[in-house]
1. Just the accessible area per residue of the chain, please: how many Å² with a 1.4 Å probe?
2. Given only helices, namely DSSP H runs of n ≥ 4 each adding -39500 (n - 2.57), what is the per-residue ellipticity at 222 nm of the chain, to the nearest 500 deg cm²/dmol?
3. Just want to confirm a number: the relative contact order over the range 46-109, from Cα pairs under 8 angstrom separated by 6+ residues, in percent.
4. Round to the nearest 0.05 the FRET efficiency obtained for L95 and D3 when R0 = 41 Å and r is the Cβ-Cβ distance.
5. Quick one: Karplus J couplings for the range 48-56, per residue in order, coefficients 6.51, -1.76, 1.60, θ = phi - 60°, nearest Hz, x for Gly and Pro?
6. At a 1.4 Å probe, what is the % contribution of carbon and sulfur to the accessible area of the chain?
7. May I ask you to evaluate 6.51 cos²θ - 1.76 cosθ + 1.60, the Karplus curve with θ = phi - 60°, for each residue of the range 3-13 and list the ³J(HN,Hα) values in order in whole Hz, giving x for glycine and proline?
8. Could you give me the percent of Cα pairs per 10 Å distance bin for the range 7-68, shortest bin first, beginning at zero and ending with the bin that holds the maximum distance?
Amino acid sequence: MTDYDPTYDIQNPTRRNPLLALIVGAVFLAVNHQFIEQFPGVLKLLTAIGTLFVTLGIAGLVDPRLFYGVMDQARDVYPAWVRPTSLALVAAGFLIGLALLVFVYKAFP
């Protein structure tokens, strides 16, 4: 039996996890779009989480390092530009989700 190395995915990034994040994010957004009127206030934040997953999923399909770059273990493995770019994508994902909630779904009075 071999030992599990938690840094294996970081050192050998694949597009499998970003693709899963993209699919989960798209499902969150689709479900939220259909049923947002019935959701209580907290569940409406699935929009922000869905856009975060979609943003990181698309970026991870372009370059898998961008998906894993937000992790602390990736600091010494990837080039210096990967972490700030990943964090900017996280911020953009949340801001897009909040903009959808405010301007499209009118979730906040």
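The values are calculated or read from the model by the stated rules, or taken from the named source; none is laboratory data. These numbers come from a predicted model, not from an experiment. Positions of Cβ are backbone-derived with ideal geometry, glycine not excepted, and every protein chain shown enters the neighbour counts. These area figures cover heavy atoms from the full protein model, side chains too; ligands, DNA and RNA do not enter into them. Shrake-Rupley method; radii C 1.70, N 1.55, O 1.52, S 1.80 Å.
1. On a per-residue basis, 64 Å².
2. Dividing the helical sum by the residues of the chain leaves -18500 deg cm²/dmol.
3. 45 percent
4. In this case the efficiency is close to 0.55.
5. In residue order, the calculated couplings are 5, 5, x, 5, 4, 4, 5, 4, 5 Hz.
6. 70 percent
7. After applying 6.51 cos²θ - 1.76 cosθ + 1.60, I find 7, 7, 9, x, 8, 4, 5, 6, 6, 10, x Hz.
8. Histogramming the range 7-68 at 10 Å steps yields 26, 41, 22, 10, 1 percent.
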